[in-house]
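To start, the structure itself, in structure tokens.
Quick note: the coordinates plus some simple rules give every number you see, no bench work behind them. This one's a predicted model, so the numbers in the text were calculated from it and none came from an experiment. Cβ: placed from backbone, ideal geometry, glycine included. Neighbour counts: every protein chain shown.
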Amino acid sequence: MALPPGPRLPAAIQTARLLMRPVPFMEDARRRFGDTFTFHVARVGRLVMISDPPSIKRLFAADRDNIVAPGRNAILEPLLGPRSLLLLNDAEHLSRRKLMLPPFHGERMLAYERVMEEAAEREVARWVPGQEFPLHPSMQAITLEVIMRAVFGVTEEHSDDLRERLLLILGATRSPMALALTAESARRLGAFRKVRRAIAESDDIIGAEIAERRADPELEAREDILSMFVSARYESGEGMSDDEIRDQLMTLLMAGHETTATALAWAFDLLFRNPKAMDRLLAETEGDEHEYLDAVAEETLRVRPVVLFVGRQLRKPMELGGFDLSEGTVVGPSIWLAHTREDVYPEPYEFHPERFLNGGADTYSWVPFGGGTRRCIGAAFAQFEMRVVLRTILRMVELRPATDEPEEIIRRNVTLSPRHGTPAVVSRRRERVPVAA
Ligand code: HEM
């Protein structure tokens, strides 16, 4: 079966463009070929991009028939481990997902509100009024603290040791050489020895935390996600092994830390360039409402999606975007292209949180968290964290941008990130507004 048309450049050049200038590359292909086209990507092969909502809906609805795109495992498995939710397929994936979902349900998020506020408050206390600083690293510090406390539930005793190791690991995954972490040659040459030692040491700390919980008669009273994993049972009655819990915690760290920090940095950049939206939001944060705040988060994730596209490999033939695709085809719903459709979002490149007032986003044209049975399990957690962190910061300080130009979008590993980390200045500290219970 013929694949949809696409650029004719050699795979190496297409891959380089996709990696170096992902957004213009996608936009250019849409202009030339329409909603559906084929890229040729090194290590993955032909990749069919789709972006019309009905096709995205059909693909996600068939998730149980498909598997994650090849490439994910090669890159992530050495770090996340073989049982990671991100990497498994079929029954192995579904049973784990079922076990891991309950702590991520919307209403459970309230339990993490204070942790999120405290992490933001502690970071803001470090900011020096009048001094320029990039917001993105600060957001990374906040989201790391939140994961360590809400997800790992790390005890005070292990907190500094674990943070130090995780920072080293995360630093390595951000480097352009990150792929070498997984390469056999690098392993032999001893590259990344320090990082591998940090992984082993953080595994030991996590192991100690798990052992402590297994011995705790009051385990049910604990609210962190690790404790819930320790008490969770599969349908067979068995629980997760220590190794599996470790893999899932690393998965949640890798999937949830940088993504949420990046979304927060984008929210500030967009608010800086849209003073009317900032003013409306500031007025709202004086009270307990969060309707506009949530719309700001949704619009941020639409116009600056953190992830460019997701991937599936078809195990059955399927019609998508008007093309009959055969079994084995790798399909990528393009989040960027779905979010910038003029027919769904008038003035698609403009930041208008108002479009999400009076009714949330549409499931298949707003897909920052992917979809189907692989939809991000941290979506409610991330959106709640955006709400709490934005509100806490805006209540504590008045921020202004340190540059006149909006941030340029660049790729950092799998995230679309602000090039300069959103430089900002605290113009003044506000009188502390009591935080709503
Ligand atoms: C703004 C923040 C975030 C964004 C934009 C984001 C985006 C995504 C995307 C696009 C996927 C792939 C979905 C698919 O293939 O259809 C995903 C999967 C996943 N995310 Fe997130 N994510 C965010 C935050 C989080 C957080 C906070 C956590 C957990 C603490 C998390 C945990 C996961 C996990 C475990 C998966 C794999 C789900 C599966 O394969 O069943 N993410 N995320």
Discussion item. Given a 10 angstrom Cα cut-off, can you work out which residue in E218, E27, E327 is the most mobile in a GNM of the chain?
Written reply: E218
Worksheet item: Gap in Å between the Cα centre of segment 369-437 and the Cα centre of segment 197-232?
Response: 29 Å
Item to complete: Search the structure for amide H atoms under 5 Å from the amide H of I67, placed 1.01 Å from N in the peptide plane, and list their residues when 5 or more places away or on another chain.
Response: Q313, R315
Response to the item:
Total charge of the residues flanking A141 in space, meaning their Cβ is under 9 Å from its Cβ, with Lys and Arg +1 and Asp and Glu -1, is 0
Worksheet item: Membrane-span-like helices in the chain: DSSP H runs reaching 30 Å or more (Cα, own axis), mean Kyte hydropathy at least 0.0?
Response: 242-273
Discussion item. Regarding the chain, what's the average projected area of the Cα-atom convex hull, expressed in nm²?
Written reply: 21.7 nm²
Response to the item:
In a Gaussian network model of the chain with springs linking alpha carbons closer than 10 Å, the residue among D279, D404, D324 that fluctuates most is D404
Discussion item. Using Cα springs under 10 Å in a Gaussian network model of the chain, which residue among V146, V68, V426 shows the largest mean-square fluctuation?
Written reply: V426
Worksheet item: For segment 20-75, which trypsin sites (Lys or Arg not before Pro) are in a loop by DSSP, counting at most 11 other Cβ atoms within 10 Å?
Response: R43
Practice prompt. Go through segment 285-320 and name the GluC sites (Glu not before Pro) that are in a DSSP coil and have 14 or fewer other Cβ atoms within 10 Å of their Cβ.
Written response: E286, E289
Worksheet item: Any idea how far apart R31 and L168 come out in nm if each label point goes 7 Å out from Cα toward Cβ?
Response: 4.7 nm
Item to complete: Please give, to one decimal in nm, the separation of the simple spin-label points placed at E235 and L94, each 7 Å out from Cα toward the Cβ.
Response: 0.8 nm
Worksheet item: With charges only on Cβ, +1 for K and R and -1 for D and E, what is the dipole size of the chain about its Cα centre, in debye, rounded to 20?
Response: 1680 debye
Item to complete: Just rank H136, H105, H339, fewest to most, by other beta-carbon atoms within 10 angstrom.
Response: H105, H339, H136
